[in-house]
Amino acid sequence: MSEAGDLPPQDVHQRIVERVSDAIVSINQEYRCTYLNKKAEKLLERSEVELRGQTIWKAFPKTVDTIAEDKIKKSLTEQTQTSYERYNTELDRWFEVRIYPSNDGASILFTDISDRKQREIELTRYEQIVENLPVAVGQNELEADGEFSFVNSAMVEMFDAESKTEAKNHSVQDLCADPSDREALLKEVHDSGSVQDKEFKLKTVNGDTLWGSTTASIETIGNEKYLLGIIQDITERKQYQDALNALLDATHQMASATTVQEVAEVVTTTIRESIGFAMNGVHLYDETAGGLAPVSVSHKSKQVIEEPPVLNEGIGWQAYKTGEPQIYHDLQAADEIYNDQTEIQSEIAFPLGDQGVLLVSSTETDAFSDRDITLANTLATNATAVLSRIQTHEQLQQREKTVEEQRDNLRIVNKIVRHDIRNDLQLISAYADRLANRTDEFEEPQKISKCVTNAVEVTETARDVTDMVLQAGQPDEFVNLNNILPQQIKNINNSYPRSQIETRGQIPNIDVVGSDMLESVFRNLLSNAIQHNTKEVPEVTVSVSQTASDAIIEIADNGPGIPDRHKEAMFEEGNSGLESDGTGLGLYLVKKVVGRNNGRVEVVDNEPEGSVFVVKLPKLNS
C-alpha cells in the first residue's frame, strides 16, 4: 500500500480505468480531452496523444448541435450523472453513453450496444409485422398454462378482449374449448417441434366459441423457449362446410322421397336448421287453387304470417313466372312489393322449375349474405331436380294406369267382337245363304251375304288390332311356323272353296321370333291373294325357305298383279287398294306385326303373272 501510495496520481488513475471494460474519455471543465483509455483509442480509432488538449467539439465535430453536446454540457453545468444512446454514423455502431461529472470535468463512458440495438430493431420490426397480420398471434412460455407474454391486435379482436392487457391476462388453457386439445397440441409440438393447420374449437374471453386453424412452433428468444402460435379464424369456413354437408344429407333424403310433400319438408327443415333462417316455405303450383299453394311452411313463418296464402302475385309469383331468383334485401325500398301488414323486411324467392318456389324471409333488412344465397339456391336446384323426377314418375304411373284402363276396355271390345258380334253375323250369313238357294230370282240375298262377309272380315281385323294393342310392350316370344301356317291355309281353303291353295314342299319346323299375332299376318296375306284375284279359280302357292338368320315365307298368286307405284303405299294405314271394300288395315297390320319382331315384308311381281308377298322373319336361334 505504501508503494502504491508513492505512485503519481495519474498512474493510479490509469491503472483503475484500464480495468474498466468500457471505453473512457475524460474532459476538463473547458471540454478539452485529458485522457483516453486503450479501449477508447481502439473504438474511436484516435490516440490519446493526438486528442489530448483538444476540445471534444473540435476532435469530434459531428457531435456539435446533437444530443451529445446537450447532455455533456448539462451534466457539467448541473453536476448530474446522465446517459443517452446514439448511433455513430462514422463507425456504424450504436453506443450507450454515460456521463459522470466532477469538479475537474467529467468522465464519459462508451458501451457498444450495436448487437443489442440490432436485436431490438429486429424485434420492433417483427412486432410491427406481426401487429399488422390479419391472423391472431400469441406468445407464451412453453410450459406455462397462464398468461401470454405477447399478443397482436388481431388476437385481441378474435377473442373479444377489450385490450391487449386483457388478452394477455386471459389463460392460455382457457382458449381451448376442450382442454385436451391443448394437451394434444403441446405433445405434438414437443415431439416434432411444430404443428401445421390444426383445427380446434376455441373459446373467447366472453365464453363464445369459434373455430381456429392453429400453427405453432417452439422458438428460442434470448435464453427462454416460447410457444409461438398463429391462429386463423375459420368459423365461417367450418359453418359453410357444415352447411354443405347438410345440403348433401338433404339431397340424399330428397332422392329417396316418393312425394312432393316429403321433398318440401326436407327443404324447409334444412333452410331452418342448417342455413339458419327460421322463416321459409315451399309453395307448389296448384291448378285448382289458381296459384302457388303452401305445401310446407316453417313454424316461424306461420307465427308471422298466420295463414300462408296461395301466391298469384308478388315476389314468389314473379320468381315462378320468370324462372329467376328474386332477391330483396330491403322490402321497404321496393314500393311495389312492400307489404306494411307484415313484419317481413327482406325476402328471397327461388324458383323450383315449373313446380313452384322456395321463399326465405327475415324480419331484418340485409339478412342474407352471398353465402346464404348460394347455399339456398343450391338446395332449391337440387329440390327442383327431385320434384321433376317425382312429377315424371307420377305422370308415368298415371299414363300406365290410363293404358291399363284402355287395355281393359279393349279386352271387353275384343270379347264382344270376337264372340258376340261375329257369332251373330255368322248366323245371319247362314240364313242369307239358305234364302238365296230358295229365291234365285232375287239379288237381295246375295247382297246381304256379301255385306255380312265384309262385316265378318271387319270384326276379324278389329280383333287383330286389339290383339296387337294388348300385346304392345310384351317381351318377344317365339312360334313354330309348322304350328300356325298350315292351319291358316286350311282355314282360308274352307272360307274360299272355289280357290286353289298349294303348298310347295314341306313347311319346316322353324322357330321364329314373334307371337300368335303371326296368324293374322298369314290369314290377311292369304285372303288378300284370293279376294283381289279376278280369275274364276284363284290360285295361291305357299313356300317356305330359310337362311342362317331368317325364315322366308312366299305367298304367290295368279291375280292381276300390283303396279310398282302402289307396292309401297299399299302397306300404309287406310290404303285399301283399288276397287276394294276393305278397311285398309289388313296389310298395314301385316307390316306392323312383322316389323315389331324385326322382320320385313315386301311385294314383288310373280312370273308370268300375279304378285308374290315375301315375309322374312328372324329365326329364334339367330
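The values are calculated or read from the model by the stated rules, or taken from the named source; none is laboratory data. As the structure is a prediction and not an experimental result, all values here were calculated from the model. Cβ placement follows ideal geometry from the backbone for every residue including glycine, while neighbour counts extend to all protein chains displayed. We work out accessible area using only protein heavy atoms, side chains counted, and drop any ligands, DNA or RNA first. Shrake-Rupley method; radii C 1.70, N 1.55, O 1.52, S 1.80 Å.
Packing, as the average of other Cβ atoms within 10 Å across residues, places the peptides 562-570, 207-215, 353-361 in the order 353-361, 207-215, 562-570, highest first.
With a cut-off of 13 Å between beta carbons, the residues surrounding D372 carry a summed charge of -3, where Lys and Arg count +1 and Asp and Glu -1.
V357 sits among other residues whose Cβ lies under 13 Å from its own Cβ, and their net charge, with Lys and Arg +1 and Asp and Glu -1, is -4.
A full extension of the chain between K401 and D178 corresponds to an added length of 74.2 nm, given 0.36 nm per residue minus the alpha carbon distance. Between rounded, prolate and oblate, where does region 154-214 land on the alpha carbon gyration tensor, with a ≥ b ≥ c its root eigenvalues, rounded for a/c under 1.5, else prolate if a/b exceeds b/c? In terms of gyration-tensor shape, prolate.
E364 sits with roughly 120 Å² accessible to a 1.4 Å probe, with DNA, RNA and ligands left out of the calculation.
A Förster radius of 45 Å, combined with the Cβ-Cβ distance separating H329 from S217, puts the computed FRET efficiency at roughly 0.55.
For region 123-186, applying the loop criterion from DSSP together with a ceiling of 12 other beta carbons within 10 Å to the trypsin sites (Lys or Arg not before Pro) yields no site. How much net charge surrounds K321 when only the other residues with a Cβ under 11 Å from the Cβ of K321 are counted, with Lys and Arg +1 and Asp and Glu -1? Around K321, the surrounding residues sum to -3. Pair-distance distribution P(r) for region 133-236, from all Cα-Cα distances in 10 Å bins starting at 0: 16, 55, 27, 2 percent. FRET efficiency for the Y87 to T204 pair, using the beta carbon distance and R₀ = 45 Å, is estimated at 0.55. Taking label points 7 Å from Cα along the Cα-to-Cβ direction, S388 and K300 give a separation of 3.1 nm.
Bridging of K71 to lysines at a Cα separation below 26 Å is possible for K38, K39, K42, K58, K62, K117, once same-chain residues fewer than 8 apart are set aside.
Using equal-weight Cα scatterers in the Debye expression, the normalised intensity of region 13-114 in log10 at q = 0.11, 0.12, 0.17, 0.21 Å⁻¹ is -0.28, -0.34, -0.72, -1.19. In region 474-618, one over the average inverse separation of all distinct C-alpha pairs is 15.4 Å, which is the Kirkwood hydrodynamic radius.
Computed extension length for E120-K42: 25.5 nm, one decimal, from 0.36 nm per residue of separation with the Cα-Cα distance subtracted. Is there a pair in K164/K187; K203/K238; K535/K592 whose C-alpha atoms are over 25 Å apart, and which pairs would that be? Where the Cα-Cα span goes over 25 Å, the pairs concerned are K164/K187; K535/K592. For the pair R52 and L620, label points projected 7 Å from Cα toward Cβ lie 13.6 nm apart. What shape does region 63-188 have by the C-alpha gyration tensor, where a ≥ b ≥ c are the square roots of the eigenvalues, rounded means a/c under 1.5, and otherwise prolate means a/b greater than b/c and oblate the rest? It comes out prolate by the Cα gyration axes.
With the cut-off at under 20 Å, measuring from each backbone N in region 503-518 to a point 7 Å along the Cα-to-Cβ line of A548 picks out 510-513.
Close amide H partners of H170, meaning residues 5 or more places away or on another chain with modelled amide H under 5 Å apart, are F148. Considering only Cα atoms, the convex hull volume of region 500-579 works out to 126 Å³ per residue. Taking all Cα-Cα distances within region 177-312, those exceeding 18 Å account for 70%.
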